[in-house]
Amino acid sequence: MNNDQTLKTIIGLEIHVQLTKLKTKLFCATSADYREKKPNTHVCPICLGLPGTLPTVNRKAVEYAIAVAKALNCEISDRLMFVRKHYFYPDLPKNYQISQYIGPGFAPIAKNGYVKITVDGKPKIVRIRRINIEEDPGRVVYIGSIETSPYSLIDYNRSGVTLLEIVTEPDLGSPKEARIFLEKLIAILEYLGVTDPGLEGAFRVDANISFEGFGRVEIKNIGSIRDVEKALTYEIVRQRRIIAGGGKIERETRHWDSNKGVTISLRSKEFEEDYRYFPDPDLPPLRISKEFIEQVVKSLPELPDERIDRFMKQYSLDEYRATVLVLNKWLADLFEMCAKHYDKYKKLADLLITDFLRWINEFNIDYKNLRLDLLQIVKLLRLWDEGVLSVKMVKELLPQIIKGGIDVEDYVKSSGYTRLVDKEYLEKVVEEVFRESPKAVQDALENPKAVNYLIGLVMKKTSGRADPQLVREIILSMLDKMRSTGS
Amino acid sequence: MSKYLSMPIHKLIEEFKTDPSKTFDYLDSLYDNIKRVENKIRSFITIIPQETLDRYVENLIKENKHRIDNLKLFGIPIAVKDNISTKGIRTTCASKMLENYVPPYNATVVEKILREGGIIIGKTNMDEFAMGSTTETSAFYPTKNPWDTTRVPGGSSGGSATALASGEAPLALGSDTGGSIRNPASFCGVYGLKPTYGLVSRYGLIAYASSMDQIGPMARNVVDLAILLSVIAGHDPRDSTSVPFVQSVDYVQELYKLHHKEPKLRIGVIKEFFEGSEEPVKKATAKAVDLLCSYHECQEISLPFSKQIIAAYYIIAMAEASSNLARFDGVRYGMKIDFTNRSWDEAFTEVRTKGFGYEVRKRIAIGAYILSAGYRDMYYIRALKLRRVLKERFDQIFKGYDIVVSPTMPILPPRLGEFFEDPLRIYLADVNTVAANLVGIPAISIPVDFYNGLPIGLQAMAKQFSEPLLLYIAKQLEDRTGFRDILAQL
């Protein structure tokens, strides 16, 4: 029997990304912005596959695909070729999907790329096998669940929306690596401005998982990074258990039920489905010129890896801080805007990475809806530096800034909510305490530990706003004075 | 019979332009004729009622008062094959599957015709989904040859050819995947042109085999043919296979230019295609070739592998057909069956079994087999190779010759039902026509003679975009044989 803890996990991913930033669908002029529209209102004869209609390629989609290919370090094909992939399903209007295929005589838009990730501080390369451009099918909609629905409804609004299919080599060794890879991939796509991964359905993953020497299982249609990690973790446990029991892992396709947190068998995969690929005769191969590619490359924005490098150089951040910021693009943008007015970059980064991010999550705020006066954060940090605010106060004020509506300086002024650092004032308070508690003063003169009691009394009198350090200094110097004068 | 019925459209248009109200007289005589002959031959699946067309023409005249002279087809009725989409008019492909399908859009060619003032008079019968060579596989009824109603009109554009030959329409559109325009043109004694692949937009043509399908004009004389070609040819951004550099060409002018210059051409006569023809066909077409050769420079040439050409054609056509017809599953259009308690696969299977005729089911099944893993290389890929070889062979031929000629069909029109017993024979009858589709070159069928009252056609092919040369040759023959504007007596 195998010692299951030593089994090597092999994971490969197939990611379908909608290019949601495209205005129109892949092969027709219908608007691609189908979300929250009435079913079957965003369709035309072409994306409905009506008899006699023909596809024409959306040039912008090709540009975006090339940008993605370049960002994933791929070789880009010199020809744009489409094939038909046949299968019968009601949401597929033509009963074939126009896609791309790798094989003799065929070429996908790009292949042989890689993505660099960092796992537990160690760098790792995840190879990209290929990138395809293809059309999204429509959707089968059920009333309630698939089992109870009295009929199936079909919505073709999504039909024809541009998808990129990104396929990795089986280079990932754990669910965590899969997650880290996906986070990086999504960040890259976001930086390219080709998709909004936050939109429902914009991003779907099929995950292949196996143990070395055992059958491969495919988990279909996982909708979020978190679910990918969970599904893979579940699958590892399930498969380990089977192997430990001396069983065989069936080659099959499974479905991830995110509500129940389990995978369910869909169909066995002993026989590969025959998609009867052949070149789409309606879309003759188009040459992709070097000039076209160069033009796209020239317009590429700064990508995550470059930005991480720059953050490390320009702001002297370590790789960890730079990476966390950069992979949350909006946070990195926020950082850079604040950094224009505030140059203790590490302190700024820490505030954003830890407390700020935590509150954003806590309040469940979509960063796109974040209406924030950046200067508030800068002011907060400055008042902290000047000793006006304590760490504790900073942490209390931050969520109020995020929720909006307060100006830190005004708030501090009007509420008196500052650390008391006014030495003259504190001296008066200390004198008062000394007058009121001669016994305690006597103790403190004899026993240095009793000083804390006096500090406590001052803090109480100032409602906790006094700077304890300063209070201690004042008390000690007054006690010294008393000793030296012998009074 | 009205003098109008056999009048060429360029003369009709002159009459209409001087007095637009004559259009109504014309429609009267046309509909009278349709009433008289339609039952005997059944050219149409859908005929637009005369009242509807009268109203349409009224508006047409009102709206175009000042530009009638600029409209190339003003007031001319056109019979359109029923696999070409017409907005608001049922388009069935002669199939039960699309019996009640009314397209919400017009094919590009239809748009172009309407823009030039043309009128759609009806949708013509055809072989189901253009699969057949006799118009007998129509799911509705077969069309009959107007020259002998016991015989087939040829196919698959049989209805368009018979509508012309019997005077039901002066112009028609057909589609040609392996000879579907030229075959019925030959059997019915009319002119039919399959244009260069990519010259005429396929947008709106319900696909049979996309890499070979081509819409083309059919007419009773060469000038009319050239007029309709001028209207429908030209780049269409909605069709990625449409050739981008083709601007609109006035084929009538091109034809007249050549006709006046009368250049001497080098003509290749395909030996095998003559040898393989029935005696009367061989004789009639050889006589026509002699007419051409009395002026041009002729030479016999060889195209040896005709059996392989047929095989490659059917393999590619069926493979593409199996894919193109996959969308007909009863979900969005087509037959409705009760899906309750059935899996998708069961429901689809039932719809497709009931909705498609035997010939279509056979071709889909063979096509799916051809594309399936393990067989693709053996059949499909080899057919593509042969297609390439054939292209090279034609490139070579056109270095030495301007056009090549052969009989259009190796046989006379068969009797109805005759071919059902021997399907392979009908596939082989396409031997002369399929090469032009595989290679993408233009080809024309020119009626040249009769034998026992049955028309016989000569086919001429030329290199890509040489339509003017084909029209020129056709016009020369037309002038010498007097084969123009002839109507079958019914």
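The values are calculated or read from the model by the stated rules, or taken from the named source; none is laboratory data. Predicted model, so just to flag it, every value in this text is computed and none were measured. Because the Cβ atoms are built from the backbone with ideal geometry, glycine has one as well, and the counts that use them run over all protein chains shown. The accessibility values were calculated without ligands, DNA or RNA, using every heavy atom of the protein model including side chains. Shrake-Rupley method; radii C 1.70, N 1.55, O 1.52, S 1.80 Å.
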Legend entry - Pairs with Cβ under 9 Å, 6+ apart, first in region A:41-57 and more than 18 Å from B:Y101 (Cβ to Cβ) and more than 8 Å from chain B (Cβ to nearest Cβ), second of a type in the set (A, V, I, L, M, F, W, C) and assigned to a loop (DSSP other than H, G, I, E, B): A:H42/A:A32
Inset, instruction - Hey, could you check region B:292-306 for residues that are touching a residue at least 60 places away in the same chain (Cβ under 8 Å) and in a helix (DSSP H, G or I) and say which is farthest from the chain's Cα centre (by Cα)? - result: B:L292
Legend entry - Residue ID - modelled with the highest pLDDT, chosen from residues in region A:418-451 that are within 22 Å of A:L389 (Cα to Cα) and exposed (fewer than 15 other Cβ atoms within 10 Å of the Cβ): A:K428
Inset, instruction - Consider B:A207 carefully, then state whether it is assigned to a loop (DSSP other than H, G, I, E, B), open to solvent by 10 Å² or more (accessible area, probe 1.4 Å) and either touching a Cys at 6+ places or on another chain (Cβ under 9 Å) or modelled with pLDDT of 95 or more (or both). - result: yes
Inset, instruction - Name the single residue, out of those in region B:100-138 being more than 14 Å from every other protein chain (Cβ to nearest Cβ) and in a helix (DSSP H, G or I), that is least open to solvent (accessible area, probe 1.4 Å). - result: B:I113
Legend entry - Residue list for region A:128-146, filter: among the aliphatic types (A, V, I, L, M) and open to solvent by 10 Å² or more (accessible area, probe 1.4 Å): A:V140, A:V141, A:I143, A:I146
Inset, instruction - Could you identify the single residue in B:D250, B:D213 that is farther than 29 Å from B:D148 by Cβ, within 14 Å of another protein chain (Cβ to nearest Cβ) and either touching a strand residue (DSSP E or B) at 6+ places or on another chain (Cβ under 7 Å) or not aliphatic (A, V, I, L, M) (or both)? - result: B:D213
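If we keep just the residues of region A:283-299 that are aliphatic (A, V, I, L, M) and open to solvent by less than 80 Å² (accessible area, probe 1.4 Å), which is farthest from A:K85 (Cα to Cα)? Working first, answer last.
Going residue by residue through region A:283-299, those that are aliphatic (A, V, I, L, M) are A:283, A:286, A:288, A:293, A:296-297.
Within this subset, residues satisfying the condition of being open to solvent by less than 80 Å² (accessible area, probe 1.4 Å) are A:283, A:288, A:293, A:296-297.
Working: A:L283: 14, A:I288: 23, A:I293: 27, A:V296: 29, A:V297: 30 Å.
By that ranking, first place goes to A:V297.
Could you say which residue among B:T143, B:T150, B:T137 is out of contact with any strand residue (DSSP E or B) (no Cβ under 9 Å at 6 or more places or on another chain) and modelled with pLDDT of 95 or more? Explain how you work it out, then say what you get.
Working: B:T143 fails: out of contact with any strand residue (DSSP E or B) (no Cβ under 9 Å at 6 or more places or on another chain); B:T150 fails: out of contact with any strand residue (DSSP E or B) (no Cβ under 9 Å at 6 or more places or on another chain).
Answer to the selection: B:T137.
How many residues does region A:89-127 hold that are within 14 Å of another protein chain (Cβ to nearest Cβ) and either open to solvent by less than 40 Å² (accessible area, probe 1.4 Å) or among the β-branched types (V, I, T) (or both)? Spell out the reasoning first.
From region A:89-127, those within 14 Å of another protein chain (Cβ to nearest Cβ) are A:89-99, A:101, A:103-106; that's our starting set.
Narrowing further to those that are either open to solvent by less than 40 Å² (accessible area, probe 1.4 Å) or among the β-branched types (V, I, T) (or both): A:90-99, A:103, A:106.
Of the residues in region A:89-127, 12 are within 14 Å of another protein chain (Cβ to nearest Cβ) and either open to solvent by less than 40 Å² (accessible area, probe 1.4 Å) or among the β-branched types (V, I, T) (or both).
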Inset, instruction - Just give me the residues in region B:364-390 being within 28 Å of the chain's Cα centre (by Cα), open to solvent by less than 40 Å² (accessible area, probe 1.4 Å) and more than 15 Å from B:L438 (Cβ to Cβ), in sequence order. - result: B:I364, B:G367, B:A368, B:I370, B:L371
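Please specify each residue of region A:250-282 satisfying the condition of being in contact with a helix residue (DSSP H, G or I) (Cβ under 7 Å, 6 or more places away or on another chain) and crowded, with 18+ Cβ neighbours inside 10 Å.
Kept after step one, since they are in contact with a helix residue (DSSP H, G or I) (Cβ under 7 Å, 6 or more places away or on another chain), are these residues of region A:250-282: A:256, A:258, A:261-263, A:276, A:278, A:281.
Selection gives A:W256, A:T263, A:R276, A:F278, A:P281.
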Legend entry - The one condition in (1) surrounded by fewer than 23 Cβ atoms within 10 Å (Cβ to Cβ); (2) within 18 Å of B:M212 (Cα to Cα); (3) in contact with a Pro (Cβ under 8 Å, 6 or more places away or on another chain) that B:G276 fails to fulfil: (2)
Inset, instruction - For region A:180-224, name all the residues that are open to solvent by 20 Å² or more (accessible area, probe 1.4 Å), at pLDDT 95 or above and more than 27 Å from A:V297 (Cα to Cα). - result: A:N208
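Quick check, is B:T353 more than 19 Å from B:S156 (Cβ to Cβ), within 12 Å of chain A (Cβ to nearest Cβ) and without any contact (Cβ under 8 Å) to a residue 40 or more places away in the chain?
Values: more than 19 Å from B:S156 (Cβ to Cβ): yes; within 12 Å of chain A (Cβ to nearest Cβ): no; without any contact (Cβ under 8 Å) to a residue 40 or more places away in the chain: yes.
When the stated conditions are applied, B:T353 does not pass them.
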Legend entry - Failed condition for B:K307, given (1) open to solvent by 60 Å² or more (accessible area, probe 1.4 Å); (2) within 14 Å of chain A (Cβ to nearest Cβ); (3) of a type outside the set (S, T, N, Q): (2)
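Just to check your reading of the model, which residue among A:V324, A:V296 is more than 14 Å from every other protein chain (Cβ to nearest Cβ) and in contact (Cβ under 8 Å) with a residue 60 or more places away in the chain? Steps first, answer last, please.
Values: A:V324 fails: in contact (Cβ under 8 Å) with a residue 60 or more places away in the chain.
None of the other options fit; the residue is A:V296.
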Legend entry - Failed item, numbered, when A:T233 is tested on (1) over 26 Å from A:E36 (Cβ atoms); (2) modelled with pLDDT of 95 or more; (3) assigned to a loop (DSSP other than H, G, I, E, B): (3)
Inset, instruction - Please verify whether region B:383-402 includes one or more residues that are modelled with pLDDT of 95 or more, farther than 26 Å from B:H296 by Cα and more than 14 Å from every other protein chain (Cβ to nearest Cβ). - result: yes
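If you go through region B:317-346 one residue at a time, how many are of a type in the set (G, A, S) and within 9 Å of chain A (Cβ to nearest Cβ)? Reasoning before the result, please.
Taking region B:317-346 first, the residues of a type in the set (G, A, S) are B:317, B:319, B:321-323, B:326, B:330, B:334, B:343.
Checking which are within 9 Å of chain A (Cβ to nearest Cβ) leaves us with B:319, B:322-323, B:326.
Of the residues in region B:317-346, 4 are of a type in the set (G, A, S) and within 9 Å of chain A (Cβ to nearest Cβ).
Would a scan of region B:11-22 turn up a residue that is small (G, A, S) and exposed (fewer than 15 other Cβ atoms within 10 Å of the Cβ)?
First, pick out the residues of region B:11-22 that are small (G, A, S): B:21.
Going one step further and asking which of them are exposed (fewer than 15 other Cβ atoms within 10 Å of the Cβ), we end up with B:21.
Yes; the residues of region B:11-22 include at least one that is small (G, A, S) and exposed (fewer than 15 other Cβ atoms within 10 Å of the Cβ).
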Inset, instruction - Please state which of the following conditions A:D385 fails to meet, knowing it meets all the rest: (1) more than 18 Å from A:E183 (Cβ to Cβ); (2) open to solvent by 40 Å² or more (accessible area, probe 1.4 Å); (3) free of Cβ contacts under 8 Å to residues at least 40 places away in the same chain. - result: (3)
Legend entry - All positions within region B:251-286 that are part of a loop (DSSP other than H, G, I, E, B), touching a Leu at 6+ places or on another chain (Cβ under 9 Å) and of a type in the set (D, E): B:E278
Inset, instruction - Inspect region B:42-57 for any residue being within 14 Å of another protein chain (Cβ to nearest Cβ), open to solvent by less than 10 Å² (accessible area, probe 1.4 Å) and within 28 Å of B:D250 (Cβ to Cβ) and give the result as yes or no. - result: no
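Go over the candidates B:E111, B:E99 one by one and state the one that is closer than 20 Å to B:A172 by Cα and charged (D, E, K, R).
Working: B:E99 fails: closer than 20 Å to B:A172 by Cα.
Of B:E111, B:E99, the one residue that is closer than 20 Å to B:A172 by Cα and charged (D, E, K, R) is B:E111.
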Legend entry - Residue satisfying condition, being within 26 Å of B:T162 (Cα to Cα) and loosely packed, with under 15 Cβ neighbours inside 10 Å, within set B:K287, B:K264: B:K287
Inset, instruction - Report yes if B:S302 is within 11 Å of another protein chain (Cβ to nearest Cβ) and either under 24 Å from B:A207 (Cβ atoms) or out of contact with any Phe, Trp or Tyr (no Cβ under 8 Å at 6 or more places or on another chain) (or both), otherwise no. - result: no
Inset, instruction - Would you confirm whether any residue within region B:357-376 is in a helix (DSSP H, G or I) and of a type in the set (S, T, Y)? - result: yes
Legend entry - Single residue of B:G88, B:G167 found to be open to solvent by 10 Å² or more (accessible area, probe 1.4 Å) and on the phi > 0 side of the Ramachandran plot: B:G88
